[in-house]
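See below for the structure under consideration.
Quick note: the coordinates plus some simple rules give every number you see, no bench work behind them. Here the structure is a predicted model, which is why all the values come from computation and not from measurement. So basically every Cβ, Gly included, is an ideal-geometry build from the backbone, and we count neighbours across all protein chains shown.
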Amino acid sequence: MNMSKIIVSALLVAFLVSCSKVPITNRRQMALLPESTLMTMSLTNYRDFLMKHTSVVNNQSSMVKKVGNNMAKAVEVFMKQNKKYAKRIKNFKWEFNLVQDKAVNAWCMPGGKVVVYTGLLAITKNETGLAVVMGHEIAHAIARHGNERMSQGLLTQMGGLALNVAMSSQPEQTKKVFMGAYGATTTVGLMLPFSRMHESEADKMGLVFMALAGYNPNAAVKFWERMAANKSGKTPEFLSTHPSDVTRIKKIKEFLPEAMKYYKGK
Ligand SMILES: [Zn+2]
């Protein structure tokens, strides 16, 4: 394909997806990579990650799965009520795993593939704390932040190679960009920082999702205060952009009345 054809098709895709709006915040977004491709990468890389890490099977992992499934169920009902949102989770096959790793981290890949690290449990403390994290991570996936970041990551790190070209010619590099885009790496330099805008959007959506699942979103304030007080260990996803904790908590408090509209209690 010559350059002008590539540009024309890129613009066409951009036009087609530009109508896409992020649920809840209604932000217009330009996520240029085909979700189907990301979904395929997600399945491969999720399996690969789990093979290289020790999965935990105990009461704690049961709690992760329980909270995860509660959240997934509530999110599915909500998304399916709205036609234009429904396609965002059409091919999701939720999975929730706890891995042995002292990093304070969690992430969700396209298709609802979630990992929580044991290092995070000291801060989540209970089911509601886990729901805060789960809501935030699921929100990143549903809002297609990874897609937006990866489009950007491919442009900056790979000189704008088309994804299919990049995948076949530089599979290792493409995989690194993918893992980095979802916070699934603890290697500094490979991780693409979530922007403040993405973090704030994931916080808001996460509050609504936890409320829908019957977890009181007010608990998010205490959770982020515990997170702010935690200075030990690596916190790859959560502190990746060094958003001011004070600002983050302030914004969460401002959004709580809105989130509470979705909360019916258990
Ligand atoms: Zn985040």
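Among the aspartates and glutamates, select those whose C-alpha is under 17 Å from the C-alpha of LYS66, and discard any that sit fewer than 8 residues away in the same chain.
Partners found: GLU76, GLU95, GLU127, GLU137.
Relative contact order of the stretch 24-260: what whole-number percent is it, with Cα pairs under 8 angstrom and at least 6 residues apart?
On the way: 333 pairs, mean separation 53.6, N = 237.
It comes to 23 percent, rounded to a whole number.
P(r) for the stretch 24-260: what percent of alpha-carbon pairs falls in each 10 Å bin, starting at zero?
Binned Cα distances yield the sequence 8, 35, 39, 17, 2.
Report the full-extension gain for the segment LYS66 to ALA228: residue separation times 0.36 nm, less the Cα-Cα distance, to one decimal in nm.
Numbers: separation 162, 0.36 × 162 = 58.32 nm, distance 2.61 nm.
In short, 55.7 nm is gained.
Could you list ASP48, ASP203 so that the one with the fewest beta carbons within 10 Å of its beta carbon is first and the one with the most is last?
Numbers: ASP48 12, ASP203 22.
Lowest count first: ASP48, ASP203.
Quick one: 3J(HN,Hα) in Hz for the stretch 114-123, Karplus 6.51/-1.76/1.60 with θ = phi - 60°, rounded, Gly and Pro as x.
These are the phi-based 3J(HN,Hα) values: 10, 10, 10, 8, 4, x, 7, 5, 5, 9 Hz.
Return the percentage of antiparallel bridges among DSSP beta bridges fully within the stretch 46-128, rounded to the nearest 5 %. Don't skip to the answer; put the middle values down first.
Numbers: 5 of 10 bridges.
Among the beta bridges of the stretch 46-128, antiparallel pairing accounts for roughly 50 percent.
How much FRET efficiency would the formula 1/(1 + (r/R0)^6) give for GLN173 and ASN59, where r is the Cβ-Cβ distance and R0 is 51 Å, rounded to 0.05? Before the final figure, lay out the partial values.
Working: r = 40 Å, r/R0 = 0.78.
About 0.80, to the nearest 0.05.
Taking K and R as +1 and D and E as -1, what net charge do the other residues with C-beta under 11 Å from the C-beta of THR25 add up to? Spell out each step's value before the answer.
Numbers: positive: LYS21, ARG27, ARG28, LYS204; negative: GLU201, ASP203, GLU258.
Charge balance near THR25 sits at +1.
How many nm separate the modelled label positions at THR247 and ASP48, each set 7 Å beyond the Cα in the direction of the Cβ?
3.4
Counting other C-beta atoms within 10 Å, which of SER200, SER20 has the fewest, and how do the rest follow? Mind dumping the intermediate values first?
On the way: SER200 18, SER20 15.
Ranking SER200, SER20 by Cβ neighbours within 10 Å, fewest first, gives SER20, SER200.
Taking neighbour counts of Cβ atoms within 10 Å as a proxy for exposure, in what order, fewest first, do HIS198, HIS136 appear? Could you put the intermediate results ahead of the total?
Working: HIS198 18, HIS136 27.
The order, fewest Cβ neighbours first, is HIS198, HIS136.
Where both partners of a DSSP beta bridge lie in the stretch 24-260, what percent of those bridges are antiparallel, to the nearest 5?
Numbers: 5 of 10 bridges.
Beta bridges within the stretch 24-260, antiparallel portion: roughly 50 percent.
Past 24 Å, Cα to Cα: identify those pairs from LYS21/LYS90; LYS52/LYS73; LYS65/LYS253; LYS21/LYS251, in the order given. Provide the component values of the computation, followed by the final result.
Numbers: LYS21/LYS90 16 Å; LYS52/LYS73 29 Å; LYS65/LYS253 28 Å; LYS21/LYS251 21 Å.
Long pairs (Cα-Cα over 24 Å): LYS52/LYS73; LYS65/LYS253.
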